[in-house]
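*Asks:* Sharing a structure with you now.
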There are 2 protein chains.
Amino acid sequence: MPEYKAPLRDMRFAMYEVLDFGSHYAQLPGAEDATEDTVQAILEESAKFAEQVLSPINAEGDRVGCTWEDGRVSVPPVFKDAYRQFVDNGWAGLSQPAEWGGQGLPASLGAVFYEMLGSANHAWSMYPTLTWGAIKTVSAHAPRELQERFLPPMVSGEWSGTMCLTEPHCGSDLGLLRTRAQDNGDGTWAISGSKMFISAGDHDLTDNIVHIVLARLPDAPEGVKGISLFIVPKFWVEDDGSVGAANGVSCGSIEHKMGIHGNATAVLNFDAARGYLISPPHKGMSAMFTFINESRLGVAQQGQGHTEASFQGALRYARERLQMRAPKRVLPEQPADPIIAHPDVRRMLLTQKALAEGGRLLNYHCAKLVDIAHHSPDTGARHRAEVELALLTPIAKGCLTEFSLEATSNGIQVLGGHGFISEWGMEQEYRDTRITAIYEGTNGIQALDLLGRKILPDPGVMLPFAERVRAFCAGELPAAAAPLAASLGEQLDLWLALTDELRAGAAADPDSVGAAAYDYLMLAGYTTLAYFWAASAAAAARALEAGSDEGFYRAKLATARFYFERMLPRNHCLAQTIRSGAGNLMDVEEAFLG
Amino acid sequence: MPEYKAPLRDMRFAMYEVLDFGSHYAQLPGAEDATEDTVQAILEESAKFAEQVLSPINAEGDRVGCTWEDGRVSVPPVFKDAYRQFVDNGWAGLSQPAEWGGQGLPASLGAVFYEMLGSANHAWSMYPTLTWGAIKTVSAHAPRELQERFLPPMVSGEWSGTMCLTEPHCGSDLGLLRTRAQDNGDGTWAISGSKMFISAGDHDLTDNIVHIVLARLPDAPEGVKGISLFIVPKFWVEDDGSVGAANGVSCGSIEHKMGIHGNATAVLNFDAARGYLISPPHKGMSAMFTFINESRLGVAQQGQGHTEASFQGALRYARERLQMRAPKRVLPEQPADPIIAHPDVRRMLLTQKALAEGGRLLNYHCAKLVDIAHHSPDTGARHRAEVELALLTPIAKGCLTEFSLEATSNGIQVLGGHGFISEWGMEQEYRDTRITAIYEGTNGIQALDLLGRKILPDPGVMLPFAERVRAFCAGELPAAAAPLAASLGEQLDLWLALTDELRAGAAADPDSVGAAAYDYLMLAGYTTLAYFWAASAAAAARALEAGSDEGFYRAKLATARFYFERMLPRNHCLAQTIRSGAGNLMDVEEAFLG
C-alpha cells in the first residue's frame, strides 16, 4: 500500500526559496501570523494528519466506496473518524475567515495544506473542499443574515457544502439548464429539478449539507443569462440556526464510477425544495464563477497531488525491486540491480518528479496570486494578480491534470505487473486522477477558455506573466540557470508568435480556434513549467554557490535539465500541430467517420 | 453500455484493398479454402458471435469478476454459456491445425477473428488465446505422443492452457526464476515452486487446464540458460487420454486488479506436481519464445481492439450528445449542436480512428507475415518474413498498446463526466487496456528488445521493412498519396539516421541505449503507422479515381491527412529526446531523487 509522505523539504523550497513567501506574507494584510516558524509548524502538523490519518484509509475508501440505500448515502465508515478529527482539531477552518470562526490564515497556506489532503486521499478531501467552495460563494454573495446562519457551522466543518450545476442534459453547456425556482412569497423560493454528478452530494459525515444550486426564475431569459443562484439546505435551518425538518431534496442514486469511490457522486432531486436566492436575478453564472475559478485551482492541485503520490510509490518500488543487470551494475554482489539503475525507469521517474515539483510551483504561485488578488492593499497589484490568474487558472487546471494522467501511468509502469494490482495502490492513483481532467470544466473547455475566451479577445491577459518571465530571463542568473533561461525565452517567443498567428487567422475560419485550443493549452503549460523549472534551477544553483552541499539542490538542477531536454521539446510538435489548421479536423464528412 | 460492432468494411479494406490478402491466400499452401467469399462468410459469422454473445457480457464480466473460494476459482457465470457456444460451434479451432481437429484456416484469419473477440470482451478472450499459445508450444516442442494426448481437447476448447513464467521475485528478469523440477524416474518430473500473475491460471470453464511451466532441472546453470519447459496438467491425464486425479497444482489466490476482472490472474503453487519435460534440458527459454513472440502480437491486437471499441463508443456519443454551439452550427433548430461538430472533439475522435485503423493494418500485416514465415514454400520469403516480424513485433506490441492508453483516454474525455461512469463502458476500456502495456514484456522491455537486442546488433533486421517502405514511396502513386509518401520517406530517413547515431554512440556509453529505447520505439511506431496510412490513402485514392463514390474512401484520405499533420509530428520531439543522450537521466544521484 502506498504510504504518502508530505514532501516538506520541497514544499519549503517552493514557498521560500523560489516564490519568496517570506516577504509575501510579511506584506500581506492579515498574514501577520504566518511567520516562517508558524508556517513550518502548521505544515508539520498537517503532514501528520495527511500521513497518519488520511493516507492509511485511502485504499479502504476506494474498496468499500459509498453506498446508497433508500435514499440515504453512507461514506466508507473509516472516513468518519478522520472527518471527526479534522473538525475537532480545527483543520476545517485553517484558511477560512476568522469572522466566522476560522483561523484566517492565508489562502496560499490553505493550498499547501490542501495539497497534502488531496495527495493522501482525494476522495475524502473533496468533502472539505466542496464545503470551502460553498463558503466562498455564501461569503461573496449571500446577505449578512444568511451568512450568520450558515457560515459558522460550515467553517467549523459541522456542515458541508456542494455545488449543484450539472443536469442530465447539460454538463459543459450550463445554458441549457432547466431547474426552476418559484417564489414562495415569504423570502424563500421553491426549487424543482434534477441535478446529477453532484460531488459529495449526499453523505452521512455531517448533520446538514448546504447545496448551492443554479436554477431559473420564472421570467428568466434563455441561456446562461437566465440563471440564478440559490442556497438550498438538505435540512431546513430555522431562524435561530437550529436544524429543522428535511427539505425537499432527495438523493435518487449515486454513480458507479472508475475512481474516487469514497466520494458520493449523487443524483439530487429537488422537489419544491425551499431555498434562498443569493445572486441578483439571472446573474447566477457570474456569481458562480467566483467559486468555479478557485475550484479549478483546487482540481489542479488534485492532479499534482496524484502525480506526487504516484511518484513516491514508484520511487520506493524502483529502489527496492531487483531485476536485471543495469548497463552500469550497481549491486554486483546481488543477482540483479535495483530497477532505478535502468535508464528507462529513470526516464519514467524523472518525468513524474519534473511534473510533481514543477506543478507544485505553479500551484503555489497561483495560490500566492489569490492572496494578492483578495488582500493586497495595492489596487494595481490586485488587478495584475487577477489578470495573471485568469491566464494561469486554465493552464494549471488543464495541464496539471493532463500531466497527472501521464505521471500516474508511469507510476503503474514502473511497478510492472504490480502496478496493475490494487494492493500496491498505483492503479488507484491512475483511476482517481482521471476525473480531474473532466470535472470543473473538461480540459477541452479549459483550452477554449484560455485561447478563445481570454487570450484572443484580450492580448493583455498574457502580459503580467510574460513580463514576469522576461524579467527572470533578463535578470542576473547563476551560470547553471542561464542556458535554461535562454531556452525559456525562446519558448515564450514561440508562444507569443503562435498567439499572434492564431489571432490573425481566427476571423477567416471560426473553427481554427477550437482546432488549435487543446494543443495551445499544452504548449502554454510546458512553457509555464519551463519558467518554474528555470526558476528552481536558479534558486538551487544560488544555494550551491553559497556553499550548500545539499544533494537536494543538485537533484533540482538535474531535474531541470531533464525537463528542458526531455519534456520541453514536446512544444516543437505542438507548434506544428497548432499551425496545421482546422482543415485536417473538419474537412471530413461526419457520416463517414465510422 | 457500449455495443461493439465488428468494423467489417474496414477489415475488408485492410485485408483486400491494402494488404492484398487475395493473392496472399491464393499463394499460401494450406489456404486454398480461404477464398474471399469464404473469408467474408466467416467474418460475418464471427462478427455475430462477438457482437451478440461476447460484447453484451463484457460489462457484467467486469462487475462480477472472478471469485476464489477454498482454492477454486469461478469465472463470471455469464462467461460460461458464451464459452460453451464458442466450443460447440467450432470457433475454438478456427485457425488451429486440422491434424488435431481444428479447421486449419490461416493464422492471419485467426488474427482478424481474434480482433473481434478482444474488442468485444478482452477478459473473456484471454481464455482461448492462452490456450492457443499453449497449443503452439505443445505443437512445436512436445513429443508426438504428448501431442496426441493433449492437443485434441485443447484444439476443441474442451481443455484450456496457460503459460507459467512469472514468480514473485521475477517478472521481466526470468533468469532469476527458482521453480525446480526433480526427475521422478518414470519419464515425468516433479515440479515445485510458486508462480504468480498467471492469466487464466485457474477457472471453471474447462475440465482441465494444461499449464506450460518454466522450471530448473537439478543441474541447471544459473540465469536464463538454465531454464527448461514442462507440461503440467491441472488434472493428471492418463495414457488413454482420460482425466485422472488432481495434480499437485493449487491456486493460492487471485489478484484484485484494475481491469480484466473476468480473467483470473492466479497465484499457482506447484507442490511436486507431475509434468513432462518438453524442451531440451536448459533450453526452455528459446522454446518459450516461439510462444512469446506470437503472444506479443496478440497483445498488440488487444490494444488495437480497445482503441477500436473506445472509438465506437465515443463516436456514437459524440453524434447524439447536444452541447454548446459549434463554430459552424449544424443543428440551428436545436438548442445546441452535436459535440462531433466541435473541432476539439473531432481531434479526439480522429486520433482514435487513426490509431484504430492504422493499428489494424499493422496487425494484419504482421499476421500475414506469420502465415508466410510458417507456410511459404519459398525459403527466402520465409526468412524475410521472420526478419520483418522480428522488427515489427515489439513495435506492434509496444506502440499499439501505448496508443490504446491515449485512445481509450480520449474515449472517456469525449463523454465528459459520463466517461468516468461505469455504465457507459468507456472507463472499462481504459482500465482493461492498461495491462496490455505491461504483460508479455512491459513496453520498456519491448523497447530494449527492438533497439538493444535486435537493431543495434544486426542492422539487417530493418532491411525488409525499410525496403518495403522505399518500394512503396518509389512506386507509382495517386496524386493524393504522393505528398504522404514524400513525408514518409523523410521519416524513414530520420529513423535510419537515428539508428546509425545510436549505434555509433552505444559503445561509448552503455546507458545510451536504454536512455533512447522507449522514445526510439515510439518513433518507430509512428513511422510504421505512417507507412500504413500512406498505403491506405493510396488504396482509397485509387478506388476514388476508379469511380467509386464511397464516403468511406474520402474518410480514409481525410484520416491519413490527419495522421500526417497531427500525429506524425510527434517524431520531431522524439528525435530530439533520443538525441539528448543518457546524461539527463543518469547524471543525478539516486539518493536525492526524492
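What follows is calculated from the coordinates using simple rules that are stated; it is not laboratory data. Remember, it's a predicted structure, so these values are computed and weren't measured experimentally. Here the Cβ is made from the backbone with ideal geometry for all residues, glycine too, and neighbour counts use every protein chain on show.
*Asks:* Regarding segment A:14-66, what's the average projected area of the Cα-atom convex hull, expressed in nm²?
*Replies:* Result: 5.4 nm².
*Asks:* Quick one: what are the phi-derived ³J(HN,Hα) couplings along segment A:212-228, Karplus 6.51/-1.76/1.60 with θ = phi - 60°, whole Hz, x for glycine and proline?
*Replies:* Each residue's phi maps through the Karplus curve to give 9, 10, 8, 8, 9, 6, x, 9, 5, x, 5, x, 5, 8, x, 10, 10 Hz.
*Asks:* Nearest 5 percent is fine: what portion of the DSSP beta bridges confined to segment B:168-242 is antiparallel?
*Replies:* The antiparallel fraction comes to roughly 90 percent.
*Asks:* Right, here's the next one. Would you please report the Å³ per residue occupied by the convex hull of the alpha carbon atoms in segment A:178-220? Mind dumping the intermediate values first?
*Replies:* On the way: hull volume 3.9 nm³, N = 43.
It comes to 90 Å³ per residue, whole-number rounded.
*Asks:* Put a label point 7 Å from Cα along the Cβ direction on B:Ala479, then list its distances to the equivalent points in the other copies in nm, shortest first.
*Replies:* 6.0
*Asks:* Calculate log10 I(q)/I(0) of segment B:349-441 for q = 0.10, 0.13, 0.24, 0.26 Å⁻¹, where I(q) comes from the Debye formula with a single equal point scatterer on each Cα and nothing for solvent.
*Replies:* Values returned for q = 0.10, 0.13, 0.24, 0.26 Å⁻¹ are -0.36, -0.55, -1.12, -1.21.
*Asks:* Checking a compactness column here: for chain B, what do you get for Rg(Cα) / (2.2 N^0.38 Å), N being the number of residues?
*Replies:* Relative to the 2.2 N^0.38 Å estimate, chain B comes out at 0.97.
*Asks:* About the Cα centre of the protein assembly as shown, what is the dipole size in debye to 20, counting +1 per Lys and Arg Cβ and -1 per Asp and Glu Cβ, all else neutral?
*Replies:* Working: 98 positive and 144 negative charges, 263 e Å.
Rounded to the nearest 20 debye, it is 1260 debye.
*Asks:* Right, another one. For A:Ile260, A:Ile455, which order do you get if you count the other beta carbons within 10 Å of each Cβ and list the fewest first?
*Replies:* A:Ile455, A:Ile260
*Asks:* Explain nothing, just compute: Karplus ³J(HN,Hα) = 6.51 cos²θ - 1.76 cosθ + 1.60, θ = phi - 60°, for every residue of segment B:249-264 in order, whole Hz, x for Gly and Pro.
*Replies:* 10, 10, 9, x, 5, 10, 7, 8, 9, 5, x, 6, 5, x, 10, 7
*Asks:* With +1 assigned to the C-beta of every Lys and Arg and -1 to the C-beta of every Asp and Glu, and no other charges, what is the dipole magnitude of chain B about the Cα centre in debye, to the nearest 20?
*Replies:* Numbers: 49 positive and 72 negative charges, 232 e Å.
Its charge dipole is roughly 1120 debye.
*Asks:* What angle, in degrees between 0 and 90 and rounded to the nearest 10, separates the Cα long axis of helix A:570-579 from the longest principal axis of the Cα atoms of chain A?
*Replies:* Rounded to the nearest ten degrees, it is 60.
*Asks:* Give me the percent of DSSP beta bridges within the protein assembly as shown that run antiparallel, rounded to the nearest 5.
*Replies:* 80
*Asks:* Enumerate the amide H contacts of A:Gly441 below 5 Å, restricted to partners 5 or more residues apart or on another chain; note that Pro and chain-start residues carry no placed amide H.
*Replies:* Residues meeting the amide H criterion: none.
*Asks:* For segment A:456-582, how big is the tail of P(r) above 21 Å, as a whole percent of Cα pairs?
*Replies:* 45
*Asks:* Against the longest alpha carbon principal axis of chain B, how many degrees, from 0 to 90 and to the nearest 10, is the axis of helix B:36-48 turned?
*Replies:* Computed tilt is about 80 degrees.
*Asks:* When the gyration tensor of segment A:1-135 is built from Cα positions, what are the square roots of 5 times its three eigenvalues, in whole Å, from largest to smallest?
*Replies:* Semi-axes from the Cα gyration tensor: 29, 18, 11 Å.
*Asks:* 5 Å is the cut-off here: which amide hydrogens, built 1.01 Å from N in the peptide plane, fall below it relative to A:Glu167, excluding neighbours closer than 5 in sequence?
*Replies:* The answer is A:Met196.
*Asks:* Given just the C-alpha atoms of segment B:373-527, how large is their convex hull per residue in cubic angstrom?
*Replies:* Values: hull volume 25.0 nm³, N = 155.
Roughly 162 Å³ of hull volume per residue.
*Asks:* Further question on the same structure: Considering only Cα-Cα distances, which of the following residue pairs are longer than 30 Å: A:Lys195/B:Lys556; A:Lys48/A:Lys353; A:Lys80/A:Lys234; A:Lys195/A:Lys397?
*Replies:* From the list (A:Lys195/B:Lys556; A:Lys48/A:Lys353; A:Lys80/A:Lys234; A:Lys195/A:Lys397), the Cα-Cα distance tops 30 Å for A:Lys195/B:Lys556.
*Asks:* In a Debye calculation with equal point scatterers on the alpha-carbon sites of the protein assembly as shown and no solvent, what is log10 I(q)/I(0) at q = 0.05 Å⁻¹?
*Replies:* For the protein assembly as shown at q = 0.05 Å⁻¹, log10 I(q)/I(0) is -0.34.
*Asks:* Can you give me the Rg/Rh ratio for segment A:299-350, using Cα atoms for both radii and the Kirkwood formula for Rh? Spell out each step's value before the answer.
*Replies:* Working: Rg = 13.4 Å, Rh = 11.9 Å.
Computed over Cα atoms, the ratio is 1.13.
*Asks:* Let me ask something additional. Give the average over all directions of the projected area of the C-alpha convex hull of segment A:59-102, one decimal, in nm².
*Replies:* On the way: hull surface 17.4 nm².
Across all orientations, segment A:59-102 yields a mean hull projection of 4.3 nm².
*Asks:* Moving to a separate point now. Which of the trypsin sites (Lys or Arg not before Pro) found in segment A:136-183 are in a DSSP loop and have at most 15 neighbouring Cβ atoms, other than their own, within 10 Å?
*Replies:* A:Arg178
*Asks:* Note down, for segment B:122-237, the three equivalent ellipsoid semi-axes (square root of 5 times each alpha carbon gyration tensor eigenvalue), biggest first, whole angstrom.
*Replies:* So the three semi-axes of segment B:122-237 are 23, 18, 12 Å.
*Asks:* In chain A, if the dipole is taken from +1 on Lys/Arg beta carbons and -1 on Asp/Glu beta carbons about the Cα centre, which of A:Gly581, A:Phe21, A:Ser74 is farthest to the positive end?
*Replies:* Of the listed residues, the answer is A:Gly581.
*Asks:* Next question, about the same structure. In degrees between 0 and 90, to the nearest 10, how far off the longest principal axis of chain B does helix B:463-474 point, with axes built from Cα atoms?
*Replies:* It is inclined by approximately 20 degrees.
*Asks:* Find the centroid of the Cα atoms in segment A:455-483 and in segment A:299-325, then give the distance between the two in whole Å.
*Replies:* Spelled out, the Cα-based centre of one part sits 31 Å from the other.
*Asks:* Considering only C-alpha atoms, what is the centroid distance from segment A:262-287 to segment A:71-124, in Å?
*Replies:* Between the Cα centre of segment A:262-287 and that of segment A:71-124, the gap is 23 Å.
*Asks:* If amide H atoms are built 1.01 Å from N in the plane of the peptide, which residues on other chains or at least 5 residues away come under 5 Å of the amide H of A:Gly161?
*Replies:* Residues meeting the criterion, in which the H sits 1.01 Å from N, are A:Thr131, A:Val210.
*Asks:* Divide the volume of the convex hull of the Cα atoms of segment B:267-396 by its number of residues and quote the answer in cubic angstrom per residue.
*Replies:* Here the figure is 181 Å³ per residue.
*Asks:* Also, quick follow-up: Compute the signed sum of charges (Lys and Arg +1, Asp and Glu -1) over the other residues within less than 12 Å, Cβ to Cβ, of B:Thr433.
*Replies:* Working: positive: B:Arg431, B:Arg434; negative: B:Glu308, B:Glu402, B:Glu406, B:Glu427, B:Glu429, B:Asp432.
That works out to -4.
*Asks:* Where nothing but the Cβ of Lys and Arg (+1) and of Asp and Glu (-1) is charged, how large is the charge dipole of segment B:252-338 around its Cα centre, in debye to the nearest 20? Kindly include the intermediate steps, with their values, before the conclusion.
*Replies:* Numbers: 10 positive and 7 negative charges, 55 e Å.
Its charge dipole is roughly 260 debye.
*Asks:* Using only the Cα atoms of segment A:190-330, each taken as one equal point scatterer with no solvent, compute I(q) by the Debye sum, divide by I(0), and report log10 of the ratio at q = 0.09, 0.12, 0.19 Å⁻¹.
*Replies:* The Debye formula, applied to the Cα set alone, gives -0.43, -0.65, -1.24.
*Asks:* Let me ask something else. As an exercise, use a Förster radius of 41 Å and the Cβ-Cβ distance of A:Glu32 and B:Val330 to find the FRET efficiency, rounded to the nearest 0.05. Please report the intermediate quantities before stating the final value.
*Replies:* Working: r = 58 Å, r/R0 = 1.41.
With a Förster radius of 41 Å, E is 0.10.
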